Every structure is written in C-alpha cells, then in structure tokens.
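Each remark here refers to the structure printed beneath this line.
The values are calculated or read from the model by the stated rules, or taken from the named source; none is laboratory data. Please read all numbers here as calculations on a predicted model, not as lab measurements. Please note: Cβ atoms are built from the backbone with ideal geometry, for glycine as well, and neighbour counts cover all protein chains shown. For accessibility, only protein heavy atoms count, side chains too; no ligands or nucleic acids. Shrake-Rupley method; radii C 1.70, N 1.55, O 1.52, S 1.80 Å.
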Amino acid sequence: MENIRLAFQGIWGHKMRSFLTMLGIIIGIASIITIVSTIKGTNEQIKENLIGAGGNVVTVQLYQDTYPFDMAYNEPPAGVKVLERSTRRELEALDGVEKIAFYTKREFSNDVRAGSNSFFGTVYGVDPAYLDLMSYQPSYGRNFSETDFAHFRKVVLLDNKAASTLFPGTYPVGETVDIKGEPFVVIGVVEKQSSFTPKIQTMNDYHMYSDTGGGAIFIPDSTWPIVYRFDEPQCVAVQAGSTDQMTKAGKQVADYLTANQISPNAAPAGSSSGGAESAAVDAGPATGGGADGGSSFSYRSEDLLQQAQQLQEMSNSTNQQLIWIASISLLVGGIGVMNIMLVSVTERTGEIGLKKALGAKKARIRVQFLTEASVLTSLGGLIGVLLGILLAQLISKTNGIPVAISIPAITISVVFSMAIGVVFGLLPALKAANLNPIEALRRD
C-alpha cells in the first residue's frame, strides 16, 4: 500500500508527463475495446438476424446423399416410413426438444389458382401443432380446427402475401382456391407473430434476410393425399428449449429418425433428386444402398447456428487484423513507460541511495519501481476502457453499427495493461535496485 501511495504521489507530481506516458496505453486499450465491442455486436446481430427472436425452430428433412429429397420430382422412396403421431411423443422426450410438428411441402408450386390469379409460393400440409409452433396466428378468419383434420375438410389458410396475390383488393375468407383441380375454401389469413425484425445495414444484409418468396398456403395434412400423394415422408419442425440448444435438438431428432424410420434397404422409387445443397448437420451415417448402386437416405437438420458462425468468422477475419494493428500502440506505450521510468530512476538516484544506505534491500527498491510502473499503466488501461466504451457507443449512435460491451475483453485489457507495466518497468526497477548506494549519494 505504501508503494501504491508513492506511485500515485509520483504520478500527481508529474501530471503532464504521466498523462503523455499513459497516452499510448490509453489509445491502444480504447481501440481494442471499441473493435471488440463492434465485433461482438455485429456477431450478435448476425445470429439474431439469421435465427430470429423467440422461435428457436430447426427443420429436419429427408436427404438423398447430400441433397434434400424433393417430392415434387420423385416418387416416395421405398423403405422410408411415414411418421406416425405416436412418434411425436418419442421425439419430444429427447433432450432439448420442446415441441414437434410434422409437415409436407411443395416449394415454388404452380398448382394453385384463384380465378385468373396464379400462386408461385410454397404449399404446406400441416398437422395441428404446426401453426402454433411456427407462431402463425389468424389476422382474420379462423384457424384450423380438430374437425377439419378429422373429417378431411378441404379448407386452406393463406399468409398475407398469398392472399394479396390470389385475391388482390378483396376479402379472401369464404372464397375458393383451386389446388391441382381440387377446390379448397379459404377460412382465414394468418400472419407470423414475431417482434423481431432483421436489421438491414447493407445490400448484402438485404439479399440475405429479406423475404423474396412468393408466400405460403396451408392445408390440413389429412387432405394432402387428395391433391398430392399418399405415404410421402414428412419434414419435422423442432422447437428447442433455447437458441443454444437448436443444433443439439435438431441433430438428435435427425439421428432418431434416421435410425428408426429408414430401412436398411431404402431405395429411390423414381428419378434421383436435384437441387442446391443446403447447410445441414449430418445425422450420422446414411442408411440404405439404393437400387441405383450408391444412393443413401438420411434425415438432416438445418443448422442455423452453423450458418451464423460461418458469417461471424467471415466478419472476424478482417476485424482481428485491426486488433493486431491496435495492439502496436500498446507496444509503443510500453516503450514509453520504460523510457519514463528510466528517467525517473535517474532523477531519484539520491533517494534510492539514501534508502539503500538506511538498509533497504534490492527487492524492496525493485518492487517499488515495478509497482509505480504497474500503477501507471493500469491507470492508463482503466482510462482506455472508459474511452473505448464511450467510442463504441458513439459509433453505434452515429453510424448505426451494433455494439456489445465485452466484460472479458475489459478484464483482459486491464490485466494486460498491468502486465505491460511489469514487463517494461522491470529494466528500470533492476537498474534502481542495483545502484551502489555510495555512488548514488555522491552523484546526488
């Protein structure tokens, strides 16, 4: 405590010199805090934009080799079982899984018409749990009822985009939609309920997060075979307990379905599927060696966390270079601390000689100067942290760049600044400790 008091006394006695000495440390720490806060804020925005808020839903679907099995161009594969309602209980018992919903779909469908208006979006055949799990609520009209499923009623729900496409400027409830020649009555218009809106900062963000699809319509899964086919393998919507559990929950469901729903001799019944490969988690070794001599089937889960991580790594690669550049100022600041401490040793030669003449040991002199250097750099580090937080908030408000203050980065910065004081103060401290007391007193 005495050494710390003497250090502050020395800093206060040479305020301008001490401030200029700390300036390199202050600039370096402030730069690092600002960059790290911006990186963390950007990463959180990427994760939030891609995954959304509150849903925590992962989709699991059937793959043939490395491609999603597209039912629009293929017959149902032999050896892949249709999911039963009893399977839901088994899947919901898996660790991290909150809710399960089954559904089938036709993407980019041109099978839907209303009068002269055509629809080119996605048709979903959903079970009773799907709309609630995906946070769809009726804007007007009503939702599906249990009776609709039990009695195979040909009813349909539209989202807002589908409603404006098929019935522009008119009230769609009660109107008829033609799906592959079968009339379905519109009972409601649904909207996805979410307080989350992606933050669009650049054109890349716009192309990545904007909704450019043609909309969606929903029919009961019990009526799906009326317009499409029986025994189609379903997709599974998995709601995880938290965002961080999404990958684990999706993979567990995919593993379970691969092990229990696909026979060893599963084989394609029609032509092989095509399409772009999407980001997915492999649900273990695919089973079945099909009749084409190499095709295999497995269930895989869409891994949004992995996609977010890939985008974050792309963002981090550039920012890490900025951190290294900012760290150079810490090296410059450390050299400045060493220089000033050497000057301080020269100025206080007489004081050091007197202390050694009165019996002060080398270790005590050494610790005194190391403490002074550490206090000087630690104070600079604290000022740099405060300045870094202020700069991060200023950048966020002026440029709209998201920031998130990192407590570990602050702690590491302060500890690192203290370490700089120890490292660069060691040479002056050794010089002071090794002074000959007689020569020191004579020089004074």
Original post:
So which residues in segment 399-410 are farther than 17 Å from Ser329 by Cβ, part of a helix (DSSP H, G or I) and touching a residue at least 40 places away in the same chain (Cβ under 8 Å), if there are any at all?
Top reply: Ile410
Original post:
Going through segment 134-190 one residue at a time, which ones are touching a Gly at 6+ places or on another chain (Cβ under 9 Å), part of a helix (DSSP H, G or I) and of a type in the set (A, V, I, L, M)?
Top reply: Ala162, Ala163, Leu166
Subject >> Odd one out for Asn399, checked against (1) open to solvent by less than 50 Å² (accessible area, probe 1.4 Å); (2) modelled with pLDDT under 80; (3) over 27 Å from Ile340 (Cβ atoms) >> reply: (1)
Original post:
Hey, any hits in segment 129-137 for a residue that's modelled with pLDDT under 90 and under 18 Å from Ser164 (Cα atoms)?
Top reply: no
Subject >> In segment 219-254, residue nearest to Asp132 (Cα to Cα) [restricted to those that are at pLDDT 90 or above and out of contact with any strand residue (DSSP E or B) (no Cβ under 8 Å at 6 or more places or on another chain)] >> reply: Ser222
Subject >> Residues located in segment 403-422, provided they are open to solvent by 20 Å² or more (accessible area, probe 1.4 Å), within 12 Å of Thr371 (Cα to Cα) and in contact with a helix residue (DSSP H, G or I) (Cβ under 7 Å, 6 or more places away or on another chain) >> reply: Met418, Val422
Original post:
From Leu133, Leu83, Leu94, Leu158, which residue is in contact with a Pro (Cβ under 8 Å, 6 or more places away or on another chain), of a type in the set (A, V, I, L, M) and closer than 19 Å to Ala249 by Cα?
Top reply: Leu83
Original post:
What pairs can you find where one residue is in segment 373-398 and without any contact (Cβ under 8 Å) to a residue 24 or more places away in the chain, the other is open to solvent by 20 Å² or more (accessible area, probe 1.4 Å), and their Cβ atoms are less than 6 Å apart, with a gap of 6+ or different chains?
Top reply: none
Original post:
Of the residues that sit in segment 110-131 and are of a type in the set (Ser, Thr, Tyr) and surrounded by 18 or more Cβ atoms within 10 Å (Cβ to Cβ), which one is nearest to Asn143 (Cα to Cα)?
Top reply: Tyr130
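For Glu90, state whether it is assigned to a helix (DSSP H, G or I), surrounded by fewer than 17 Cβ atoms within 10 Å (Cβ to Cβ) and of a type in the set (D, E, K, R).
On the way: assigned to a helix (DSSP H, G or I): yes; surrounded by fewer than 17 Cβ atoms within 10 Å (Cβ to Cβ): yes; of a type in the set (D, E, K, R): yes.
Judged against the criteria, Glu90 is a match.
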